[in-house]
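The values are calculated or read from the model by the stated rules, or taken from the named source; none is laboratory data. Predicted model, so just to flag it, every value in this text is computed and none were measured. Positions of Cβ are backbone-derived with ideal geometry, glycine not excepted, and every protein chain shown enters the neighbour counts.
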Amino acid sequence: MEFIREGQQVEVSGEAEGGFKDKWYTAKTIKISNRKSKTNVLVEYNQLKASEQGLKRYQNNVNPCHVRPLPPKQPTQLAFQYYQVVDAFHNDGWRKGRIVKGIDGELAALKMFKVHFQHPDEKIDFGADILIGIMENGLITISTSR
């Protein structure tokens, strides 16, 4: 686990919590443990709380396959394209979807987009400031495959 260190800000797949496969939550790594060829990462979620009162952040041991580094900062004027796969910040985590419509204006100048999610099947409007291009090999990519 050379790419993750204790105390580092990361993203954790919702699948690690039995939730959505295409949803990612920001968290801080607390401890990395190796026992009998099994590695676990103790994370503390940034937005998820341990109780209804919300006094303490939720912590959990997760498999490292569900942990990835934070995406790099993207240009503030990133031009999105129709059918581009993006991550949208929704309900305390990043969720994978596809841009299906621009709202009010030409695509290159748009600030609002309709994003389609598969699980569950729904379409939600988002501002460009809470969308990021999907990362592959550390680079933000434009994916227009259907």
Discussion item. Condition check: modelled with pLDDT of 85 or more, in contact with a Phe, Trp or Tyr (Cβ under 8 Å, 6 or more places away or on another chain) and under 20 Å from Ser13 (Cβ atoms). Does Asn46 satisfy that?
Written reply: yes
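Any chance region 60-82 includes a residue that's part of a strand (DSSP E or B), at pLDDT below 80 and either in contact with a Lys or Arg (Cβ under 7 Å, 6 or more places away or on another chain) or at negative phi (or both)?
So the first thing to find is which residues in region 60-82 are part of a strand (DSSP E or B), and the list is 60-62, 67-69.
This time we only want the ones that are at pLDDT below 80, so: none.
Within region 60-82, not a single residue is part of a strand (DSSP E or B), at pLDDT below 80 and either in contact with a Lys or Arg (Cβ under 7 Å, 6 or more places away or on another chain) or at negative phi (or both).
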Practice prompt. Would you mind stating whether Gly102 is modelled with pLDDT of 80 or more, more than 25 Å from Leu48 (Cβ to Cβ) and crowded, with 17+ Cβ neighbours inside 10 Å?
Written response: yes
Worksheet item: Would you pick out the residues in region 1-10 that are at pLDDT below 90 and buried (at least 19 other Cβ atoms within 10 Å of the Cβ)?
Response: none
Practice prompt. Restricting attention to region 49-59, report how many residues are at pLDDT 85 or above and basic (Lys, Arg).
Written response: 2
